[in-house]
Amino acid sequence: MAGCCSPGAGAEDHSLPRLPLPLAEVERRADATTAVEVSLGGTPSAERSVRAAQPNDVQVPGGVFTMGDPFDEGYDADGESPVHQVRVSPFRISATTVTNQEFAEFIDATGHRTESEVFGTSAVFHLAVTADHKDILNRVNNVPWWLNVRGADWAHPAGPLSHWSDAADHPVTHVSHNDALAYCAWAGRRLPTEAEWEYAARGGLSGQRYPWGNELLNDAAGTAAHHCNIWQGDFPVRNDLDDGYLTTAPVRSFAPNGYGLYQTSGNVWEWCSDWFLPKYYKTCLAQGTVEDPQGPTIGRGRVMRGGSYLCHDSYCNRYRLAARSSNTPDSASANLGFRTVAL
């Protein structure tokens, strides 16, 4: 599943409604680029230093929780139901997604080349592009608010005229699942399973839509307040910026959840370790309480969780805690990052 969530490398999204072509804020420059085979460079070796410390970890207690969508609000193709019981062992997870600064340290230590760098292009939201016209190659098929931009990558998140150092405390983006695994190998960590991710993202709340409760804009006192970085306005042509951000926000923006995790709704999608299958939850339900599930043994895409700054309830509505999506392991975009778990 790609679409507004995160355009894939050759993937199609059949779960989202089609929107008309948005207003032309940037010029269409060329036909679709040709897919190329990629090989990862800069694989971490035994001689290179490993970043073992992760000072922003939070401890998540073990327990049983109800996983899935109890409100029946998701797309059938996403497989958010049936709800089922899952037991998760205690673990430590980073309070935030990996930042540009942290990823830069990994690049400096290993020389790793991300798949976006190898491909030479990546997807940038059309209102956020910072590039010469010659570097704006084409709109992504069926999701024209995404533009393929030459030179867009983790270090140049809006295009070649941008630089990560201007957003050092923002989540790293334009990283594929394979890139995330390379980072984990260097850091001595791993990606969370989908079950770990949802359990931690809920912050101890059971059966709620969001990490703070069921109402999008209400806090405990019943007053209107923004709790996450998502789209406000007319997607994809006008963002009213009510939460203060057009694209990514610093990783510690907004209040953390009950376990101390920041932004498990919105900002950027987060890779999980599991393969994605839409009927996987039915298999889990048949097993009773599932112990530390690792996901399907095979699939075409890897699970993504959390939604992003492009999510809106009138369209994809995937910033809910139960929402799921997926993309191919070599895919990357300007709204896709990751957080890690201690080994």
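Among the residues of the range 197-212, those that are closer than 17 Å to A255 by Cα and not aliphatic (A, V, I, L, M) comprise R202, G203, G204, Q208, R209, Y210, P211, W212.
Here's the yes/no breakdown for (1) surrounded by fewer than 21 Cβ atoms within 10 Å (Cβ to Cβ); (2) in a loop (DSSP other than H, G, I, E, B); (3) on the phi > 0 side of the Ramachandran plot:
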| position | (1), (2), (3) |
| --- | --- |
| R87 | yes, no, no |
| R92 | yes, no, no |
| T97 | no, yes, no |
| V124 | no, no, no |
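When the range 54-79 is filtered for residues that are surrounded by 18 or more Cβ atoms within 10 Å (Cβ to Cβ), assigned to a loop (DSSP other than H, G, I, E, B) and at pLDDT 95 or above, the ones remaining, listed by number, are G68, D69, G79.
Let's see how each residue does on (1) assigned to a loop (DSSP other than H, G, I, E, B); (2) among the aliphatic types (A, V, I, L, M); (3) over 21 Å from the mean Cα position of the chain (by Cα); (4) over 15 Å from L336 (Cβ atoms):
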| position | (1), (2), (3), (4) |
| --- | --- |
| A128 | yes, yes, no, no |
| A131 | yes, yes, yes, yes |
| K134 | no, no, yes, yes |
| N138 | no, no, yes, yes |
| W146 | no, no, no, no |
| L161 | yes, yes, yes, yes |
| S165 | no, no, no, yes |
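Among residues of the range 74-86 that are under 19 Å from T193 (Cβ atoms), those with a beta-carbon under 8 Å from a residue that is of a type in the set (S, T, N, Q) and crowded, with 20+ Cβ neighbours inside 10 Å at least six positions away or on a different chain give the pairs D78/S325. What are the residues in the range 278-302 that are under 20 Å from T66 (Cβ atoms) and hydrophobic (A, V, I, L, M, F, W, C), if any? Of everything in the range 278-302, those that are under 20 Å from T66 (Cβ atoms) and hydrophobic (A, V, I, L, M, F, W, C) turn out to be C284, L285, A286, V290.
On the basis of being within 29 Å of F91 (Cβ to Cβ), exposed (fewer than 13 other Cβ atoms within 10 Å of the Cβ) and β-branched (V, I, T), does I230 make the cut? Taking the combined requirement at face value, the residue does not satisfy it.
Counting the residues of the range 261-281 that are aliphatic (A, V, I, L, M) and either buried (at least 22 other Cβ atoms within 10 Å of the Cβ) or in contact with a His (Cβ under 7 Å, 6 or more places away or on another chain) (or both) gives 2. Checked across the range 192-201, the condition of being at positive phi, touching a Leu at 6+ places or on another chain (Cβ under 8 Å) and not hydroxyl-bearing (S, T, Y) holds for no residue.
Of the set (1) at pLDDT below 95; (2) under 22 Å from A249 (Cα atoms); (3) among the acidic types (D, E), all apply to D153 but (1).
For the range 308-343: of the residues being part of a loop (DSSP other than H, G, I, E, B) and basic (K, R), which is farthest from N56 (Cα to Cα)? Going through the qualifying residues, I end up with R318. Among the residues making up the range 231-276, a single one is of a type in the set (S, T, N, Q), over 19 Å from Y199 (Cβ atoms) and not in a loop (DSSP other than H, G, I, E, B): N239.
The values are calculated or read from the model by the stated rules, or taken from the named source; none is laboratory data. Note that the structure is predicted; figures quoted are calculated from it, not measured. As a convention, Cβ positions derive from the backbone with ideal geometry for all residues, glycine included, and neighbour counts pool all protein chains shown.
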